[in-house]
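The values are calculated or read from the model by the stated rules, or taken from the named source; none is laboratory data. None of these values were measured; they are calculated from a predicted model. FYI the Cβ positions are ideal-geometry reconstructions off the backbone, even for glycines, and counts take in every protein chain you see.
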Amino acid sequence: MTAPPKLPAKLPSRFIDDIKAAVGPHGWATDEATLAPHLGEERGNYRGSCAVLVSPASTDEVARVVRLCAEASVALTPQGGNTGLAGGAVPASGVLLSLKRMKRIRALDALNFTMVAEAGCVLADVQRAADEAGALFPLSLAAEGSCTVGGNISTNAGGVHVLRYGNTRDLVLGIEAVLPDGRVWNGLRALRKDNTGYDLKQLFIGAEGTLGVVTAATLKLFPKLKARAVAFAALASPAAALDLFARLRERAGETLCAFEFANRFALDCVLRHAPGARDPFGASHPWYVLTELASPHAKGDALAAVLEAVLAEATEAETVADATIAQSEAQAAALWQLRESISEAQKPEGGSLKHDVSVPVACVPDLVTRGADVAARLIPGVRVCAFGHMGDGNVHFNLSQPAGADRAAFLAMRASVNRAVHDLVRELGGSFSAEHGVGQLRLADMARYKSEVELDIMRAVKTALDPKGIMNPGKVLPPR
C-alpha cells in the first residue's frame, strides 16, 4: 500500500438514502448544527467534514452501514466520545459513524469478574455498574465522564492506574467487531486462557478504527477496593520522586495503585485557574508527587501507616521536603483534583506544545531534565509544564509559551520542538505516543521513528483486512 486509495469525494444521493435506511429515522443527521460537535476535536488542531453522520443502535445496523460503504468504496470514520487528543476520530469525508447509541451493558458476571459492554458505554457508567455489582473496573482517566469503551479500546487508553492494572489492552478479554467488508466477528470470549492461535482482539485494540469497528467488549473486572490512602509530597527533583517511588513500591507492593508527579509550574497553573484549588503546603517546591495505596482487604489506617512510614523514612533521607496524608475522602478528592486539573488549567497560559511520551521508569528524570534544557535552547523563556504517570514512565511533557510571547510565533516552532523532544525520547528507549494514540497528529513521527519492518507489517495487516482503505483513512499509518 503506497498511498491511501482514492475514495469518492461526492456521494450519490442513492447511497445516502441507503445509509439512512440502514439506521432508521433516528439514526442519521446531515444538518450543520448536529454535525458540528462531531467534526472537531479537543485541542482545536483539526476540523473535518462528512456527508452524513450515522448513529446505529445495534451491531447489525453497524454492519449494514459498513457493508454499504465497502460496496461503494466510501470512507468511514468510527467515533466514540470524541475526547481523543490526536485527531484520530475527526473525519476527512464520507460517513461518520458514532457509536453513542450503543450503550447497553449486555452482561455482568460477578463470579467470573467479567462485563460485556457495548462500544458506546461511557466509561464512568461502566465503572458504576461494576461498583454496584461489588467489583471494580479500574480504567480511570480525566475524560471518564464522556469517553466511551469503544474509544478507550481503539486508542488503548491508559490513565492513572496503569501502574497496577495495565492499559486498556490488559483489561479486555474479548471483542465484537464489524470488519471492513461488513462481516461481524464475535470474539466476546470471557476466558483468561484461550490458546487457540492468533489473539485477534489485539489487532483492534489501539488500531483507532483503521481495521474495523469495535461494537462491544468483554471487560475484565477486579475485586472492589475497600480502603485507600492518598498522600501529596513535595520534593526537590524528579530524581527524588523516583527514589520515593522505589521506596513505596518495595514497601507497599501491589497496594500501590498510582504514582503521579508534576512540577511547580503545573501546580501554579492549577492554583491560578482551577476554582477552589489550594496549595497543600505553605511554601513553594520544585516538584510534587501524588500517590495512592488501595486494597480490597487491608484497612485504611493500615495503608496510611505504610504511607506514613515511607514518607518519614524518605524525609529523614532528605528525599521528601514535605508531605501530607489525606485524613478523609474529601481531602483525598481535593488532592486528586489538583492533579486532574492540570491539563485544563494550562490552557489559559497561552499556546502549548504537548508531548505524550513514555520512557523506562528509571529514565524519567533524564527525560524531564534534559528535555527542559532542549526546549530552553530552542525557545528561551519557555515554561515547562511536566506531569504524568511516573509509575509507568508516561510523561506529559508540555511547553507553555513564554510570558508575553506571540502565540502564533510560538506555535510555529511545533515541528522543530517536537523533533528535538522525540529524538531525546528515542535516545532514552522510549515512545513518542504513550497513551493518546497516533491519529493524524503523529503520522510524521510514525514515519520517522518506526522501522520499515514495523511499518511494512502494519501495512500488510491493513491491506489484508481493509483492501479498499475505507476505514478511518489518513490515520495511524503514514503513506509510503
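Some notes on this structure:
- Region 422-435 - residue that is hydrophobic (A, V, I, L, M, F, W, C) and within 9 Å of Val357 (Cα to Cα) and, of those, modelled with the lowest pLDDT: Ala434
- Leading residue by the ranking (surrounded by the fewest Cβ atoms within 10 Å (Cβ to Cβ)) among those in region 20-41 that are assigned to a helix (DSSP H, G or I) and in contact with a helix residue (DSSP H, G or I) (Cβ under 6 Å, 6 or more places away or on another chain): Ala22
Yes/no matrix, rows are residues, columns are (1) outside the structural domain of Leu307 (by TED's automatic domain parsing); (2) crowded, with 16+ Cβ neighbours inside 10 Å; (3) at pLDDT 95 or above; (4) out of contact with any His (no Cβ under 7 Å at 6 or more places or on another chain):
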| position | (1), (2), (3), (4) |
| --- | --- |
| Leu256 | no, yes, yes, yes |
| Phe259 | no, yes, yes, yes |
| Asn263 | no, yes, yes, yes |
| Arg272 | no, no, yes, yes |
| Gly276 | no, no, no, yes |
| Pro280 | no, yes, yes, yes |
| Thr291 | no, yes, yes, yes |
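- Complete set of residues in region 382-395 that are assigned to a helix (DSSP H, G or I) and free of Cβ contacts under 8 Å to residues at least 40 places away in the same chain: none
- The residue that is modelled with the lowest pLDDT, counting only those in region 139-175 that are more than 22 Å from Leu203 (Cα to Cα) and out of contact with any Gly (no Cβ under 6 Å at 6 or more places or on another chain), is Ala142.
- Residue match in region 182-194 (condition: touching a Phe, Trp or Tyr at 6+ places or on another chain (Cβ under 8 Å) and either at pLDDT 95 or above or at positive phi (or both)): no
- Filter result for Leu244 (more than 30 Å from Leu191 (Cβ to Cβ), out of contact with any Ser or Thr (no Cβ under 7 Å at 6 or more places or on another chain) and not assigned by TED's automatic domain parsing to the domain that holds Thr148): no
- Considering region 167-195, and only residues there that are polar (S, T, N, Q) and either within 23 Å of the chain's Cα centre (by Cα) or assigned to a strand (DSSP E or B) (or both), the residue that is surrounded by the most Cβ atoms within 10 Å (Cβ to Cβ) turns out to be Thr168.
- Count of residues meeting criterion [among the aliphatic types (A, V, I, L, M) and on the phi > 0 side of the Ramachandran plot] in region 126-181: 0
- Contacts under 9 angstrom Cβ, first residue in region 105-116 being in a strand (DSSP E or B), partner of a type in the set (Phe, Trp, Tyr) and at pLDDT 95 or above, 6 or more apart: Met115/Phe137
- Checklist (1) within 22 Å of His389 (Cβ to Cβ); (2) in contact (Cβ under 8 Å) with a residue 40 or more places away in the chain; (3) part of a helix (DSSP H, G or I) applied to Ala302, failing item: (1)
- Output for region 268-297, where each listed residue is in contact with a strand residue (DSSP E or B) (Cβ under 6 Å, 6 or more places away or on another chain) and not in a strand (DSSP E or B): Pro280, Phe281, His285, Pro296
- Some residue of region 215-224 being touching a residue at least 60 places away in the same chain (Cβ under 8 Å), assigned to a loop (DSSP other than H, G, I, E, B) and surrounded by fewer than 17 Cβ atoms within 10 Å (Cβ to Cβ): yes
Rundown of residues vs (1) in a helix (DSSP H, G or I); (2) more than 26 Å from Ala240 (Cβ to Cβ), yes/no style:
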{"site": "Asp366", "(1), (2)": "yes, no"}
{"site": "Ala372", "(1), (2)": "yes, no"}
{"site": "Pro380", "(1), (2)": "no, yes"}
{"site": "Gly404", "(1), (2)": "no, yes"}
{"site": "Ser416", "(1), (2)": "yes, yes"}
{"site": "Gly429", "(1), (2)": "no, no"}
{"site": "Glu435", "(1), (2)": "no, no"}
{"site": "Ala444", "(1), (2)": "yes, yes"}
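- Test set (1) touching a helix residue (DSSP H, G or I) at 6+ places or on another chain (Cβ under 6 Å); (2) assigned to a helix (DSSP H, G or I) - Ala63 fails condition number: (1)
- On the stretch given as region 61-81, residues that are surrounded by fewer than 21 Cβ atoms within 10 Å (Cβ to Cβ) and of a type outside the set (Ser, Thr, Tyr) total 7.
- Test: Leu203 is assigned to a loop (DSSP other than H, G, I, E, B) and either on the phi > 0 side of the Ramachandran plot or assigned by TED's automatic domain parsing to the domain that holds Ala133 (or both): no
- Yes/no for Ala304 being within 22 Å of Arg251 (Cβ to Cβ) and either in the same structural domain as Gly276 (by TED's automatic domain parsing) or charged (D, E, K, R) (or both): yes
- Test: residue in region 125-147 that is within 16 Å of Thr59 (Cα to Cα) and touching a residue at least 40 places away in the same chain (Cβ under 8 Å): no
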